Amino acid sequence: MSKLYVVGIGPGAYEKMTIEAARALKDSDVIIGYTVYVDLVKDHFPDKEFLTTPMKKEVDRCILAFEEAAKGKQVSMICSGDAGVYGMAGLMYEVGVNYPETELVILPGVTAATGGAAVLGAPLIHDFCLISLSDLLTPWEKIEARLLGASQADFVICLYNPSSKKRHDYLQKACDLMLRYKAPETVCGIVSNIGRDQESMQVMTLKELRETKADMFTTVFVGNSQTKEIGGKMVTPRGYKNV
């Protein structure tokens, strides 16, 4: 039985990739992925064969990976962050039912939530949830319900895909929903281009976040009622002691 690796390459920088992930790519004959992700690793593995498909061709990408593995090649399908967090691992298993002779091996990576949290300080120390604001695959009504439920339960909320050209006001809409249960002064933060050359961060209130512009390379963190700013960093207490 052949093995096909589904590899989370982390937020972007080679140094933030796990040793296990780097080893899998080094040992691979073929590396397959979305064009932008392949560009992130190509310089570090120049002797590999790279195959890409554009956005919205995810199923084709999976089939391509299995077909290459069937040729006896060692193949790695790469995803940014973690392959199992808004990545390709699930779809690879679904497509893989048609390729029973190939075993999938999932290798985790640093996802934007944890990579961005490290830049901001310590916003995810207590219970938190991840919500994508992209309604490409999820109806907005369901996203809205999740935002309201998480806000009412006082979760720290990490938002992926906060805005795009077609969804320029989605972060503002999300903030309006969260403001139903979270105070305007709730401590929030944004991190852009995590692990890449243009990395930047900013800590602000939820009221200020509502007026902030973000894009698909931005990850948004909305604190809970205990989250505070300490020395310009975003910190959510765990409750080990009262300070």
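The values are calculated or read from the model by the stated rules, or taken from the named source; none is laboratory data. A quick note: this is a predicted structure, and the numbers were derived from the prediction, not measured. Note that each Cβ is placed from the backbone with ideal geometry, even for glycine, and that neighbours are counted across all protein chains shown. For the accessible areas, the whole protein counts, side chains as well, though only heavy atoms, and no ligand, DNA or RNA atoms are used. Shrake-Rupley method; radii C 1.70, N 1.55, O 1.52, S 1.80 Å.
Worth pointing out:
- Filter pass, LEU104 being more than 19 Å from the chain's Cα centre (by Cα), of a type outside the set (D, E, K, R), part of a strand (DSSP E or B) and at pLDDT 95 or above: yes
- Only residues that are surrounded by 16 or more Cβ atoms within 10 Å (Cβ to Cβ) and not in a loop (DSSP other than H, G, I, E, B) were counted across the stretch 175-195, and they come to 9.
- Which numbered condition ARG180 fails, given (1) over 18 Å from the mean Cα position of the chain (by Cα); (2) closer than 17 Å to SER163 by Cα: (2)
A quick yes/no check of all residues on (1) open to solvent by less than 10 Å² (accessible area, probe 1.4 Å); (2) touching a His at 6+ places or on another chain (Cβ under 7 Å); (3) closer than 17 Å to THR102 by Cβ:
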position	(1), (2), (3)
GLY8	yes, no, no
THR18	no, no, no
ASP43	no, no, no
ALA69	yes, no, yes
LEU91	no, no, yes
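- From the list GLY109, GLY115, GLY90, the one residue that fits, being in contact with a Ser or Thr (Cβ under 9 Å, 6 or more places away or on another chain) and outside any loop (DSSP other than H, G, I, E, B), is GLY115.
- Taking the stretch 21-41 as the range and being in contact with a Pro (Cβ under 8 Å, 6 or more places away or on another chain) and loosely packed, with under 14 Cβ neighbours inside 10 Å as the test, only THR35 passes.
- When the stretch 196-243 is limited to residues that are in contact with a Pro (Cβ under 6 Å, 6 or more places away or on another chain) and not in a strand (DSSP E or B), the one that is nearest to PRO123 (Cα to Cα) turns out to be THR236.
- Exclusive hit being in contact with a Phe, Trp or Tyr (Cβ under 7 Å, 6 or more places away or on another chain) and modelled with pLDDT of 90 or more, set MET234, MET204: MET234
- For the stretch 112-141, the set of residues classified as over 15 Å from the mean Cα position of the chain (by Cα) and within 14 Å of THR218 (Cβ to Cβ) consists of LEU120 only.
- Residue pairs meeting the criteria (Cβ under 6 Å; at least 6 apart or on separate chains; first surrounded by fewer than 21 Cβ atoms within 10 Å (Cβ to Cβ) and aromatic (Phe, Trp, Tyr), in the stretch 205-220; second modelled with pLDDT of 90 or more and in a loop (DSSP other than H, G, I, E, B)): PHE217/ASN193
- Pairs where the first residue, in the stretch 58-84, is part of a helix (DSSP H, G or I) and the second is among the small types (Gly, Ala, Ser), C-beta under 9 Å, 6+ apart: ARG61/GLY33; CYS62/GLY96; ALA65/SER76; PHE66/GLY96; ALA69/SER2; ALA70/SER2
- Unique match (being assigned to a loop (DSSP other than H, G, I, E, B) and crowded, with 16+ Cβ neighbours inside 10 Å) among ILE125, ILE143: ILE125
- Restricting GLN198, GLN172 to residues that are modelled with pLDDT of 95 or more and surrounded by fewer than 23 Cβ atoms within 10 Å (Cβ to Cβ) narrows the list to GLN172.
- Filter result for PHE50 (touching a strand residue (DSSP E or B) at 6+ places or on another chain (Cβ under 6 Å), aromatic (Phe, Trp, Tyr) and under 30 Å from GLN202 (Cα atoms)): no
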